[in-house]
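Visitor: One structure, pasted below without further comment.
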Amino acid sequence: MIMPAVKIDPEQIILDKPLFDPQAFRLNDEQAEIIASARRLGQTVFAGRAAAYDRDAKFPTENYRDLHRTGLLGIAIPKKLGGLGADYQTYAIAAAEIGRYCGATALTWNMHVCSTLWSGPLADDLDMDASTRAEHERRRAIHYKRIVDDGAIYSQPFSEGGAAAAGGVAFGTEAKPTKGGWLVNGKKIFASLSGHADYYGVLCTEIAEGEKASRRNTLYLALPAKADGVSVVGDWDPLGMRGTVSRTLLFKDVFVPEDAALMPRGVYFQAAMRWPHMFLTLSPTYVGLAQAAYDFTVRYLRGEVPGTPPVKRRMYPTKQIAVAQMQIKLEQVKAIWFQAITEARANPTKEQVLRAYAAQYSVMEGANEIATLAIRTCGGQAMLKSLPLERIYRDSRCGSLMLPWTAELCLDRIGREALYETGESDD
Ligand SMILES: Cc1cc2nc3c(=O)[nH]c(=O)nc-3n(C[C@H](O)[C@H](O)[C@H](O)COP(=O)(O)OP(=O)(O)OC[C@H]3O[C@@H](n4cnc5c(N)ncnc54)[C@H](O)[C@@H]3O)c2cc1C
């Protein structure tokens, strides 16, 4: 199954077919429209810029202007606050479409969108008393207005190099209550969008004088990038996802006002316990990369990749078998992933949680397997830097390293949770 191109308008723009056909996958017209707009932008604009961002390890600033212009920066913001009002499933598929054309843009867009998805539709599912909810709605409207009106970009640094990002212990970055807000101190590593986001959506632990750190007291605070005490250090020259610019952030006595809270006290912890699919949002990018590696291979073997001689290589049986293997893997990845994003909700069943881990594992490992097969099958000329396949291959290698659901941690959790019910032990 190739994703053949179809002619869509008189200007002869040839758009790729959707990753998930709206009719076959029962997406409504509104969903299909939002997803199509992401695909259009990805294919007609982002694809052409991706090589330069990758080569120079440069943040895709121009793409963010386009995401703002098309409304996609506010994809998950409610319509009444100026956004597109997309739900989790719609966002995830739109992000996969962007991932087909520029992995770094899709991955960083995910960090940004999560600041609105987690504080928005996800928080709406969680328990809060009436006054806390009213205050949360007032606060999030401030953040959403910045995004919709001014094109503000939010990031999501939670990794610290210890066990906190895996969900094991409280975050070492601390927020000390002070008059009118908090003083934040700490360090975040691999902070995508560092130096380019307007607000860093930092996960940290609120600790009053004399208290012990607890995961229950996690706060999710939007620190202005220009606040006193915020600095970006270290260089960034990685294997893949180079345009994410994931450097190190340092916070030294950074004052943030109470309105900086993207979630009320205790709500992030509640979300992590009750809405586990919140951590599946790193996967869409890699679904897109898997499709991109497959599409490239089919076009290349048919002699149809622009900029390459029209040499056909499709007649060799070994290549046909490899393409069949890629297609089967791709369908498996897409099927389990579509099911997992469709059943994302508060209080999922144990079966749904295990499926979410399995989906994350399948996507992250599967994307790289498909990209690896693509390089072997297409051959040496296809991995030159003048073509996108080698970038897709490098970007796809990063997926299974993303905490908290790395490929290893997914295996750990599936094995343990399949064999033990809550509270069971062998003692
Ligand atoms: C391109 C890219 C962009 C990123 N962007 C962001 C971002 O925007 N925000 C952000 O917060 N992070 C980001 N990360 C960081 C990412 O989520 C991980 O935190 C990071 O890759 C961990 O690297 P590490 O070497 O410190 O891992 P380590 O903590 O040393 O872990 C190494 C491996 O050991 C395993 N492991 C870790 N903890 C446990 C445990 N408790 N039990 C069992 N096994 C464990 C995991 O499989 C893990 O992959 C990004 C990473 C990459 C590669």
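The values are calculated or read from the model by the stated rules, or taken from the named source; none is laboratory data. Model, not experiment: these values are computed from the prediction. We place every Cβ from the backbone using ideal geometry, glycine too, and count neighbours over all the protein chains shown.
Visitor: Report the residue count in segment 373-390 for those that are on the phi < 0 side of the Ramachandran plot, loosely packed, with under 13 Cβ neighbours inside 10 Å and not in a helix (DSSP H, G or I).
Guide: The total comes to 3.
Visitor: So, one more: Select from segment 222-243 the residues that are closer than 29 Å to Pro388 by Cβ and of a type in the set (D, E, K, R) and list them in ascending order.
Guide: Asp235, Asp237, Arg242
Visitor: Among the numbered conditions (1) closer than 27 Å to Tyr64 by Cα; (2) outside any strand (DSSP E or B); (3) among the hydrophobic types (A, V, I, L, M, F, W, C), tell me where Ala163 comes up short.
Guide: Only one criterion in (1) closer than 27 Å to Tyr64 by Cα; (2) outside any strand (DSSP E or B); (3) among the hydrophobic types (A, V, I, L, M, F, W, C) is unmet by Ala163, namely (1).
Visitor: Suppose the filter is in a helix (DSSP H, G or I), touching a residue at least 60 places away in the same chain (Cβ under 8 Å) and not acidic (Asp, Glu); does Tyr393 pass it? If you could, list the steps in order and put the result at the bottom.
Guide: Working: in a helix (DSSP H, G or I): yes; touching a residue at least 60 places away in the same chain (Cβ under 8 Å): yes; not acidic (Asp, Glu): yes.
In short, yes.
Visitor: So which residues in segment 222-250 are farther than 17 Å from Phe59 by Cβ and within 14 Å of the ligand (Cβ to nearest atom), if there are any at all?
Guide: Passing the criteria: Leu223, Leu239.
Visitor: Of the residues Ala76, Ala86, Ala104, which single one is of a type outside the set (Phe, Trp, Tyr), part of a helix (DSSP H, G or I), at pLDDT 95 or above and not assigned by TED's automatic domain parsing to the domain that holds Leu289?
Guide: The match here is Ala104.
Visitor: Among the residues of segment 181-193, is there at least one that is outside any strand (DSSP E or B), within 13 Å of the ligand (Cβ to nearest atom), within 20 Å of Leu409 (Cβ to Cβ) and modelled with pLDDT under 95?
Guide: no
Visitor: Do we have any residue at all in segment 393-408 that's crowded, with 20+ Cβ neighbours inside 10 Å, among the aromatic types (Phe, Trp, Tyr) and farther than 28 Å from Tyr316 by Cα?
Guide: yes
Visitor: Separate question: Out of Gly85, Gly48, report the one residue that is of a type outside the set (A, V, I, L, M), without any contact (Cβ under 8 Å) to a residue 12 or more places away in the chain, out of contact with any His (no Cβ under 9 Å at 6 or more places or on another chain) and under 28 Å from Ala123 (Cα atoms).
Guide: Among Gly85, Gly48, only Gly85 is of a type outside the set (A, V, I, L, M), without any contact (Cβ under 8 Å) to a residue 12 or more places away in the chain, out of contact with any His (no Cβ under 9 Å at 6 or more places or on another chain) and under 28 Å from Ala123 (Cα atoms).
Visitor: Return yes when Ile147 is in contact (Cβ under 8 Å) with a residue 60 or more places away in the chain, closer than 23 Å to Gly83 by Cα, touching a His at 6+ places or on another chain (Cβ under 6 Å) and surrounded by 24 or more Cβ atoms within 10 Å (Cβ to Cβ) and no when it is not. Spell out how you get there, then give the answer.
Guide: Working: in contact (Cβ under 8 Å) with a residue 60 or more places away in the chain: yes; closer than 23 Å to Gly83 by Cα: yes; touching a His at 6+ places or on another chain (Cβ under 6 Å): no; surrounded by 24 or more Cβ atoms within 10 Å (Cβ to Cβ): yes.
Here the answer is no, as Ile147 does not meet what is asked.
Visitor: Give the residue that is modelled with the lowest pLDDT, with candidates limited to residues of segment 160-177 that are of a type in the set (A, V, I, L, M, F, W, C) and surrounded by 19 or more Cβ atoms within 10 Å (Cβ to Cβ).
Guide: Ranking the qualifying residues of segment 160-177, first place goes to Ala165.
Visitor: Identify all residues within segment 150-199 that are without any contact (Cβ under 8 Å) to a residue 60 or more places away in the chain and at positive phi; write none if there are none.
Guide: The answer is Gly161, Phe190.
Visitor: Let me ask something else about it. For Leu250, which of the numbered conditions (1) surrounded by fewer than 24 Cβ atoms within 10 Å (Cβ to Cβ); (2) closer than 30 Å to Gln332 by Cα; (3) of a type in the set (A, V, I, L, M) fails to hold?
Guide: Exception for Leu250: condition (2).
Visitor: Which condition number in (1) among the polar types (S, T, N, Q); (2) assigned to a helix (DSSP H, G or I); (3) more than 16 Å from the ligand (Cβ to nearest atom) is the one that Ser425 fails?
Guide: Among (1) among the polar types (S, T, N, Q); (2) assigned to a helix (DSSP H, G or I); (3) more than 16 Å from the ligand (Cβ to nearest atom), the lone unmet condition for Ser425 is (2).
Visitor: Could you list all residues from segment 16-71 that are surrounded by fewer than 18 Cβ atoms within 10 Å (Cβ to Cβ) and in contact with a strand residue (DSSP E or B) (Cβ under 9 Å, 6 or more places away or on another chain)?
Guide: Across segment 16-71, the qualifying residues are Lys17, Ala36, Arg40, Thr44.
Visitor: Being aliphatic (A, V, I, L, M) and either part of a loop (DSSP other than H, G, I, E, B) or in the same structural domain as Val184 (by TED's automatic domain parsing) (or both) is the filter here, so list the residues in segment 122-159 that pass it.
Guide: Answer for segment 122-159, where residues must be aliphatic (A, V, I, L, M) and either part of a loop (DSSP other than H, G, I, E, B) or in the same structural domain as Val184 (by TED's automatic domain parsing) (or both): Leu126, Met128, Ala152, Ile153.
Visitor: Turning to a different aspect of this structure: Among the residues of segment 194-214, how many are in a loop (DSSP other than H, G, I, E, B) and either more than 23 Å from the chain's Cα centre (by Cα) or among the acidic types (Asp, Glu) (or both)? Reasoning before the result, please.
Guide: Taking segment 194-214 and keeping what is in a loop (DSSP other than H, G, I, E, B), we get 194-198, 207-214.
This time we only want the ones that are either more than 23 Å from the chain's Cα centre (by Cα) or among the acidic types (Asp, Glu) (or both), so: 198, 207-214.
Looking only at that region, the number is 9.
Visitor: Among the numbered criteria (1) free of Cβ contacts under 8 Å to residues at least 60 places away in the same chain; (2) away from the ligand (no atom under 12 Å from the Cβ); (3) within 27 Å of Glu408 (Cβ to Cβ), which one does Ala92 miss?
Guide: Among (1) free of Cβ contacts under 8 Å to residues at least 60 places away in the same chain; (2) away from the ligand (no atom under 12 Å from the Cβ); (3) within 27 Å of Glu408 (Cβ to Cβ), Ala92 violates only (1).
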